[in-house]
Amino acid sequence: MKTLRRHSISGVAKQRSRHDDRPGISPVDIAEHNSRTTLRLLRRRGALTRQELSKELGLTEPAITGIVRRLALAGLVTESKRLTTAHYTAAEFGLRGEARYSLGARIGKHDGEIVLMDLSGQIVGQQTVATPDDVIAALGDLRRRAGQGQLVGYGIATSPDAFINRQQMETALAEKGEALFFLDDTEAAIEAERALGIGEPEGGIVMILTDGAVRAGLLIGGRVFRGIHGRAGQIGEMRSGIDGASLNDVATLPSLEASSVDKDGWVATAARHLHEAVLAISGFIAPGAILIGGSLPSDVLDAVVARMSQERDDKIRDLVIAPWIQQIRRATFPWAGVALGAALRPLEAMALPDSRA
């Protein structure tokens with residue numbers, strides 16, 4: 001019986017012109033994929049040895065040697081010694097946080113947040129904003145903190161009713177020279193979970209955010225699903241329950257503030273309607289994780305998650321389909337994840353040097 005061999009690309013790949021439009025994946029593409037995957041793993045797990053990288057990535061140790069050598073030459077990875085229980089040292093590889101920086105912005109209806117993130121995923125600067133002028137000033141201030149030539153780009157995550165629009169951002173940042181990425185806030189929250197939170201479970205992730213409106217994002221097959229018009233996940237107008245109320249009517253921050261004298265009643269109503277939406281989503285795609293976040297107060301969010309879990313358990317007694325629906329969980333970064341995910345996007349896309357140049 002033949003033993004299956006693992007194939008991988010290491011060392012310096014054969015160059016392929018960026019203007020080469022032939023179909024297929026080149027050795028350069030594979031090498032860059034392996035390098036990005038390695039950076040992502042080191043950001044999530046911290047410093048790892050060759051053996052650990054080999055096990056996690058499914059590549060041979062010689063392949064890992066080639067990858068970390070390339071990353072070290074680019075100034076992205078450092079090597080140090082780890083003392084093991086067997087009293088010998090093993091080389092481990094970690095990210096040089098100061099090698100690259102990116103800026104991430106969460107822009108909502110009334111306020112926003114700008115963060116400066118280093119290559120390791122650490123936040124080294126942060127400012128809150130409330131007007132378009134605040135946004136531009138904060139981006140400029142944090143850009144200067146990153147240092148000359150170290151900033152790889154901007155990630156801008158917006159809610160549907162953001163107080164500054166894409167054209168304004170593009171105009172303000174047009175002369176800066178760095179890459180500019182736009183994404184929905186649900187997509188950014190998912191990005192943060194993949195990189196710094198729960199990872200990427202089999203079956204994908206559904207992320208529900210609630211603040212002034214309720215919306216959802218879906219990661220499936222490693223990609224965020226946006227729909228034919230790019231508006232997938234706008235679930236706030238879904239009507240459910242005996243009262244036929246929409247999610248925006250009963251499961252948002254304004255509705256909570258209007259029901260402050262009966263918080264328990266609000267939690268029960270919001271959880272019931274949110275769980276109806278979860279049932280509708282899960283019945284078709286059976287995601288690996290269902291997360292809820294947003295700007296609700298922490299204790300209220302916890303209460304909603306607990307009540308949604310109770311709703312699920314109640315459904316198990318009544319519906320055959322319910323047992324395979326995932327338990328609803330609180331997002332790792334209920335609200336901060338939007339800015340984190342926005343900052344991660346430029347690092348994912350631009351941290352590596354262009355090997356096709």
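Quick notes
- Evaluation of L42 against the conditions (1) farther than 19 Å from A351 by Cα; (2) of a type in the set (A, V, I, L, M, F, W, C); (3) in a helix (DSSP H, G or I) shows that the sole unmet condition is (1).
- Single condition I281 does not satisfy, out of (1) open to solvent by 20 Å² or more (accessible area, probe 1.4 Å); (2) free of Cβ contacts under 8 Å to residues at least 40 places away in the same chain: (2)
- Residue check: T38 meets all listed conditions (1) open to solvent by less than 20 Å² (accessible area, probe 1.4 Å); (2) over 21 Å from the mean Cα position of the chain (by Cα) but one, namely (2).
- Residue within the range 88-97 that is without any contact (Cβ under 8 Å) to a residue 40 or more places away in the chain, open to solvent by less than 20 Å² (accessible area, probe 1.4 Å) and closer than 30 Å to I156 by Cα present: yes
- Helices (runs of 4 or more DSSP H) lying entirely in the range 185-259 (those with 3 or more residues that are open to solvent by less than 30 Å² (accessible area, probe 1.4 Å) and modelled with pLDDT of 95 or more): 185-196
- Between D249, D262, the distinction of being of a type in the set (D, E) and in contact with a strand residue (DSSP E or B) (Cβ under 9 Å, 6 or more places away or on another chain) belongs to D249 only.
- For I123: the one exception among (1) under 27 Å from N248 (Cβ atoms); (2) touching a residue at least 40 places away in the same chain (Cβ under 8 Å); (3) of a type in the set (V, I, T): (1)
- None of K14, K55 is closer than 26 Å to L344 by Cα, open to solvent by 80 Å² or more (accessible area, probe 1.4 Å) and either at pLDDT 75 or above or in contact with a helix residue (DSSP H, G or I) (Cβ under 9 Å, 6 or more places away or on another chain) (or both) except K55.
- Cβ-Cβ under 6 Å pairs, at least 6 apart or on other chains, the range 200-217 side without any contact (Cβ under 8 Å) to a residue 60 or more places away in the chain and under 20 Å from D249 (Cα atoms), far side open to solvent by 30 Å² or more (accessible area, probe 1.4 Å) and basic (K, R): none
- Count - residues of the range 98-133 that are within 21 Å of G212 (Cα to Cα) and open to solvent by 50 Å² or more (accessible area, probe 1.4 Å): 6
The values are calculated or read from the model by the stated rules, or taken from the named source; none is laboratory data. On a predicted model such as this, the values are computed, not experimentally measured, just so you know. Every residue, glycine among them, receives a Cβ derived from its backbone with ideal geometry; neighbour counts consider all protein chains shown. Heavy atoms of the whole protein, side chains included, go into the accessibility calculation; ligands, DNA and RNA do not. Shrake-Rupley method; radii C 1.70, N 1.55, O 1.52, S 1.80 Å.
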